[in-house]
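No lab work stands behind these numbers, since they all come straight from the coordinates. Values in this document were obtained by computation on a predicted structure and should not be read as measured data. A quick note on method: Cβ atoms are made from the backbone with ideal geometry, for glycine too, and the neighbour counts reach across all protein chains shown.
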Amino acid sequence: MRRALLAVILMAGMAGTAQAADGELSEQQAQGKALFEARCGVCHQLPEPDMLTPSQWKRLLQLMQKRMQQADMPPLDEEEFAQVHAYLSSQSQ
């Protein structure tokens, strides 16, 4: 019984931590996360945001803009690009 209660308390604590982490994103970052998942996930598996630095993410996003155009897909507009970059930068190394 005590172990079950302890497990419930620990799981509730971890869920609260996950919610707090998501809640810490600014509105721009949250929108960027949604765009990243929706637009980038259409073509390939999403990379982990912490795998690159902000400047590396910017270069990669610029490259992906060109690839989207080559594939006759609409690239991100300036605001969307800034939102995705803000999200990735906030989670990066």
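If I model a spin label as a point 7 Å beyond the Cα along the Cα-Cβ vector, how far apart are those points for Glu48 and Ser90 in nm?
2.0
Starting from the amide H of Leu52, placed 1.01 Å from N in the peptide plane, find each other amide H under 5 Å away whose residue is 5 or more places distant or on another chain.
Gln93
Using a Förster radius of 25 Å, what is the FRET efficiency between Ser26 and Gln65 based on their Cβ-Cβ separation? Nearest 0.05, please. Working shown, then result.
Numbers: r = 23 Å, r/R0 = 0.91.
So the FRET efficiency works out to roughly 0.65.
What does the charge add up to near Val84, with Lys and Arg as +1, Asp and Glu as -1, over the other residues with Cβ less than 13 Å from its Cβ?
-2
Across 10 Å bins from 0, what is the distribution of all Cα-Cα pair distances for the stretch 41-93, in whole percents?
Pairs per bin, as whole percents: 25, 57, 18, 0.
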